[in-house]
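Working notes for the structure below.
The values are calculated or read from the model by the stated rules, or taken from the named source; none is laboratory data. Just so it is clear, the model here is predicted, and its values are computed rather than measured. Cβ sites come from the backbone with ideal geometry, for glycine too, and all protein chains shown count toward neighbours. Side chains are part of the model used for accessible areas, which takes the heavy atoms of the whole protein and leaves out ligands, DNA and RNA. Shrake-Rupley method; radii C 1.70, N 1.55, O 1.52, S 1.80 Å.
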Amino acid sequence: MKYVFGPVPSKRLGQSLGVDPIPFKTCNWNCIYCQLGRTTPLTNVRRDYFPPRAIVAQVRETLESHQPGEIDWVTFVGSGEPTLHASLGWMIREVKGMTSIPVAVITNGSLMYQPEVREELMPADAVLPTLDAGNEKLYRAINRPHPSLTFESLVDGLIAFRSVYTGRLWLEVMLVRGLNDTEEALRELAAVVQRISPDEVHINLPIRPPAEPWVKPPDDDGLMRAMALLGDIAHVVHPAEGVFDLSGYANVADAVVGIITRHPMREEELMRTLDHWTPSEVQQALADLEAHGGARVILRHGRRFWTAAAGRYGETLTSAPANQRGGCR
Ligand code: SF4
């Protein structure tokens, strides 16, 4: 099992070595915009989904195989929610103990109301939680959380963490047209952001294939409204250009699966990313993967995206692995 990927280019984190401690789509939210598809079923149990020692050993091995300066951040970022891993705190401390490279955690923030989760995140150099809504109704509409999670607990957890955390707290806002890009929604969101007092607000746009086909990025007016209302600490995060490190993959098929499991991509993007191989080698690998259920294609915004075979998306599916046809909700 491969828990470590990249380094991959990230606008916020430079060349980021990803650590994925959670099985594909193990999450307590089911965001309408999730690029990995729908969460089925929602999971809100903290446990060691993978052996923490094996994860940390892979991080060590990967760090040792890179020269100084090749990795800017080590980032815990799941193909699910990383705070669901019960040993996240132990793994962060272990990584901090083996390198001076800063450590980041990208999380939905939903479990930060729990004192032990806040404690576990304390040694990280940056924590990037999500806040897409300024009220419970919109929170449920966009993030579709586990029934036991409330908007109040999300906000209370973020405020409690900020009050003790001295690292960088960067709030991630995914802007969705017609939902949280209206003036009313943004004013409410801005009021909550003010209470949390993050160092920065990163505005993201659902340009990767969203779980639900009707999810659209905001138009220019919506984006400008968000910039104006969320204040000087807010800026738009565009996808990063850069080099994906593919040295850990034995062949092109493994590389394709390793990438699209975390970053669904259009075919031409995959070609550029996988220029270590010829376009015909990549196309052959994609055709084989699709034919044998190793990957799937979905249609979003009129474009074909390659995604993980296990991804479950609403409608507009163009092809499904043979062993999953008919299984997409
Ligand atoms: S976007 Fe993140 S928090 Fe939302 S469902 Fe996907 S993995 Fe979970």
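Of note:
- Glu267 versus Met98: modelled label distance in nm, points set 7 Å from Cα along the beta carbon direction: 3.9 nm
- Rounded to the nearest 20 debye, the dipole magnitude of the chain is 820 debye, with +1 charges on Lys and Arg beta carbons, -1 on Asp and Glu beta carbons, and the Cα centre as origin.
- When the surface is traced with a 1.4 Å probe over the full set of protein chains, Lys25 keeps roughly 20 Å² accessible.
- Report note on the peptides 229-235, 79-85: ranked by the mean count of other C-beta atoms within 10 Å, highest first, their order is 79-85, 229-235.
- Gain on full extension, evaluated as 0.36 nm per residue between Ser153 and Glu70 minus their Cα-Cα distance, stands at 26.0 nm.
- Rg [Å, one decimal], Dmax [Å, integer] - the range 105-154, C-alpha atoms: 11.4, 33
- Computed on the chain, with alpha-carbon pairs under 8 angstrom and 6+ residues apart, the relative contact order is 18 percent.
- Ranked order, Tyr313, Tyr33 - accessible area, probe 1.4 Å, largest first: Tyr33, Tyr313
- Three principal axis extents describe the C-alpha atoms of the chain; from largest down they are 52, 45, 34 Å.
- Heavy-atom accessible area ranking, 1.4 Å probe, most first, across Trp214, Trp306, Trp277: Trp214, Trp277, Trp306
- Candidate aspartates and glutamates for bridging to Lys216, where Cα separation is under 14 Å - those fewer than 8 sequence places away on the same chain excluded: Asp181
- Inter-part distance where the range 70-100 and the range 249-272 are each reduced to a Cα centre, Å: 23 Å
- Cα-projected label distance for Ala287 with Ser163, points at 7 Å along beta-carbon direction, nm: 6.2 nm
- Around the Cα centre of the range 104-259, unit charges on the Cβ atoms of Lys, Arg, Asp and Glu (plus for the first two, minus for the last two) sum to a dipole of about 280 debye.
- The range 121-260: relative contact order as a whole-number percent, Cα under 8 Å and 6+ apart: 24 percent
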